[in-house]
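Just below is one structure, and these are the notes that go with it.
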Amino acid sequence: MEQGNLFGVKESQEPLAAKLRPENLEEFVGQEHLIGEGKILRKLIESDQVSSMIFWGPPGVGKTTLAQIIAKKTKATFINFSAVTSGIKEIKEVMEKAEKNRQYGEKTILFVDEIHRFNKAQQDAFLPYVEKGSIILIGATTENPSFEVNSALLSRCKVFVLKALEEKDLVKLLKNALASPKGLGGSRVECEEESLELIASFANGDARKALSTLEMAYLNGEAKTDGSLYISKEDVIQCTSKKSLLYDKKGEEHYNLISALHKSMRNSDADASIYWLARMLESGEDPLYIARRIVRFASEDIGMADPRALEIAVAAYQACHFIGVPECNVNLTEAVVYMSLAPKSNAMEVSYDAAAKDALETFAEPVPLDIRNAPTKLMKELGYNKGYQYAHDAPEKLTNEVCLPPKLAGKSYYQPTEQGLEARYKARHEQIKKWKEDHRDK
């Protein structure tokens, strides 16, 4: 545990990422949705009105840096606390000190890095002090606080979600590192835009990773006779262990590869699906992007033919979020193999597209009175909910209620296939339609 200065390492021993750590909001890059002009977190920091909060986001996006900026800005006592090295004894000592400060009218801000590493008992130790205002708790976590932070503690904290930095933000950061006297500005380093973009692509939203890669490339760069140093594209490729696989995640090859993966799964080609998945991951693609596309695929190309496909896809996304790269590669492999081997049906997409077309053309169609909600006496007097048939009261759990607007009555959007489990749902769908037809006027 240390107090005051969050980063007490001697400057000469600090890595580039530490030397360039922003000291104020003007130097901070990214997270415009939180600290842009007029945004809530910026206002709280600038007015020194921070309340208990949790910063949730992937590594290297500025959680600890924001805590340091708050430490410099606040008039409160600021204590840095590590969830890795501290136990309940240390927590209680700090809490007692904070309580004494409160009695003297002084605020205490406690920053807990990696708060998800605290167990329930350790987190519970904070709760009474947060409740009575002895401390303002700022926690930082890479894990979903809904799962990793006690609900009682979480309910007393505002959660701010920090996003992975965009490549343009990382390129800006790298250019600043080359120009800043605190960074490499005194070394006359030349590095082409394309090389900076490769580093930004490899860093995958992580500022610390981007600066560490630049520093490694600088140490392996080519010294020139005039005393300057040149970082070539080849230097960057060597440092990232990425050669021809590196590609622009916003360019054509990005879309070509995701298209190849999607079409391979649709064509039930598990081997090709694994290959295209590997091409994307080894190129530095964001695994969460791939996972999101697989979630879409599960409903678009499989749907009711195997409803478990969506469960598998969502589970793969969560696994990627929990453990990150490179470990999540096997989770994604399992998902794409499952999608490839599952029976295929595009009935979900076809049915929605047909319904969306009618919805756009019939926006003015009123909801039938009998299926409207009637929470007030006036609405009941106007006929809302009158004649509504509660299906659970019917012997067969079915009624002849017409739920579509009159203009669309009898319209059928869902056209199930015979693939996989959808054959079973098709039979049930047809059974329901026949029952409704037989009981239409009864």
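The values are calculated or read from the model by the stated rules, or taken from the named source; none is laboratory data. Quick caveat: nothing in here was measured; it's all calculated off a predicted structure. Note that each Cβ is placed from the backbone with ideal geometry, even for glycine, and that neighbours are counted across all protein chains shown. For accessibility, only protein heavy atoms count, side chains too; no ligands or nucleic acids. Shrake-Rupley method; radii C 1.70, N 1.55, O 1.52, S 1.80 Å.
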ALA315 meets each of (1) within 27 Å of VAL161 (Cβ to Cβ); (2) at pLDDT below 95; (3) open to solvent by 40 Å² or more (accessible area, probe 1.4 Å) with one exception, condition (2)
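Out of curiosity, is LYS209 open to solvent by 30 Å² or more (accessible area, probe 1.4 Å), touching a residue at least 12 places away in the same chain (Cβ under 8 Å), within 15 Å of THR65 (Cβ to Cβ) and not β-branched (Val, Ile, Thr)?
On the way: open to solvent by 30 Å² or more (accessible area, probe 1.4 Å): yes; touching a residue at least 12 places away in the same chain (Cβ under 8 Å): yes; within 15 Å of THR65 (Cβ to Cβ): yes; not β-branched (Val, Ile, Thr): yes.
Against the criterion (open to solvent by 30 Å² or more (accessible area, probe 1.4 Å), touching a residue at least 12 places away in the same chain (Cβ under 8 Å), within 15 Å of THR65 (Cβ to Cβ) and not β-branched (Val, Ile, Thr)), LYS209 qualifies.
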When LYS380 is run through (1) surrounded by 13 or more Cβ atoms within 10 Å (Cβ to Cβ); (2) touching a Lys or Arg at 6+ places or on another chain (Cβ under 8 Å), the failure sits at (1)
Has segment 145-152 got at least one residue that is closer than 30 Å to LYS92 by Cβ, over 22 Å from the mean Cα position of the chain (by Cα) and not basic (Lys, Arg)? yes
Checking TYR388 against (1) in contact with a helix residue (DSSP H, G or I) (Cβ under 6 Å, 6 or more places away or on another chain); (2) closer than 29 Å to ALA298 by Cα; (3) open to solvent by 70 Å² or more (accessible area, probe 1.4 Å): exactly one of these is not met. Which one? (2)
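Tell me, which helices (runs of 4 or more DSSP H) lie completely within segment 343-442 with 3 or more residues that are over 37 Å from the mean Cα position of the chain (by Cα)? Walk me through it before giving the result.
Numbers: elements: 347-361, 377-381, 422-438.
In segment 343-442, 377-381, 422-438 are the helices (runs of 4 or more DSSP H) which contain 3 or more residues that are over 37 Å from the mean Cα position of the chain (by Cα).
What is the residue count in segment 43-60 for residues that are open to solvent by 20 Å² or more (accessible area, probe 1.4 Å) and either touching a residue at least 24 places away in the same chain (Cβ under 8 Å) or not in a loop (DSSP other than H, G, I, E, B) (or both)?
To start, the set of residues in segment 43-60 that are open to solvent by 20 Å² or more (accessible area, probe 1.4 Å) comprises 43-44, 46-49, 51, 56, 58-59.
Now drop any that are not either touching a residue at least 24 places away in the same chain (Cβ under 8 Å) or not in a loop (DSSP other than H, G, I, E, B) (or both), which leaves 43-44, 46, 48, 51, 56, 58-59.
The total comes to 8.
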Specify which of the listed residues (ALA164, ALA152) is touching a Pro at 6+ places or on another chain (Cβ under 7 Å) and surrounded by fewer than 22 Cβ atoms within 10 Å (Cβ to Cβ). ALA164
Which one is least open to solvent (accessible area, probe 1.4 Å), of the residues in segment 212-234 that are within 29 Å of GLY57 (Cα to Cα) and of a type in the set (Gly, Ala, Ser)? ALA217
Inspect segment 374-387 for any residue being touching a residue at least 12 places away in the same chain (Cβ under 8 Å), over 30 Å from GLY420 (Cβ atoms) and basic (Lys, Arg) and give the result as yes or no. yes
Among GLU401, GLU422, which is the only one that is touching a residue at least 60 places away in the same chain (Cβ under 8 Å), charged (D, E, K, R) and surrounded by 15 or more Cβ atoms within 10 Å (Cβ to Cβ)? GLU422
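For residues that are acidic (Asp, Glu) and touching a residue at least 24 places away in the same chain (Cβ under 8 Å), scanning just segment 75-122, find the one that is most open to solvent (accessible area, probe 1.4 Å).
Pass one, segment 75-122, residues acidic (Asp, Glu): 90, 93, 96, 99, 106, 113-114.
So of that shortlist, the ones also touching a residue at least 24 places away in the same chain (Cβ under 8 Å) come out as 90, 99, 106, 113-114.
On the way: GLU90: 64, GLU99: 28, GLU106: 94, ASP113: 51, GLU114: 59 Å².
Checking each candidate, the answer is GLU106.
I'm trying to understand the selection: among the residues of segment 343-367, which are loosely packed, with under 14 Cβ neighbours inside 10 Å and in contact (Cβ under 8 Å) with a residue 40 or more places away in the chain? Spell out how you get there, then give the answer.
Filtering segment 343-367 for residues loosely packed, with under 14 Cβ neighbours inside 10 Å gives 353, 356-357, 359-364, 366-367.
Selection gives THR362 alone.
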Yes/no for GLU327 being modelled with pLDDT under 95, surrounded by fewer than 20 Cβ atoms within 10 Å (Cβ to Cβ) and not in a helix (DSSP H, G or I): yes
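Do we have ILE237 as in contact (Cβ under 8 Å) with a residue 24 or more places away in the chain, buried (at least 22 other Cβ atoms within 10 Å of the Cβ) and over 19 Å from the mean Cα position of the chain (by Cα) here? Explain how you work it out, then say what you get.
Working: in contact (Cβ under 8 Å) with a residue 24 or more places away in the chain: yes; buried (at least 22 other Cβ atoms within 10 Å of the Cβ): no; over 19 Å from the mean Cα position of the chain (by Cα): yes.
Considered against the rule, which asks whether it is in contact (Cβ under 8 Å) with a residue 24 or more places away in the chain, buried (at least 22 other Cβ atoms within 10 Å of the Cβ) and over 19 Å from the mean Cα position of the chain (by Cα), ILE237 comes out as no.
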Hey, GLU285 hits all of (1) over 27 Å from TYR352 (Cα atoms); (2) assigned to a helix (DSSP H, G or I) but one; which does it fall short on? (2)
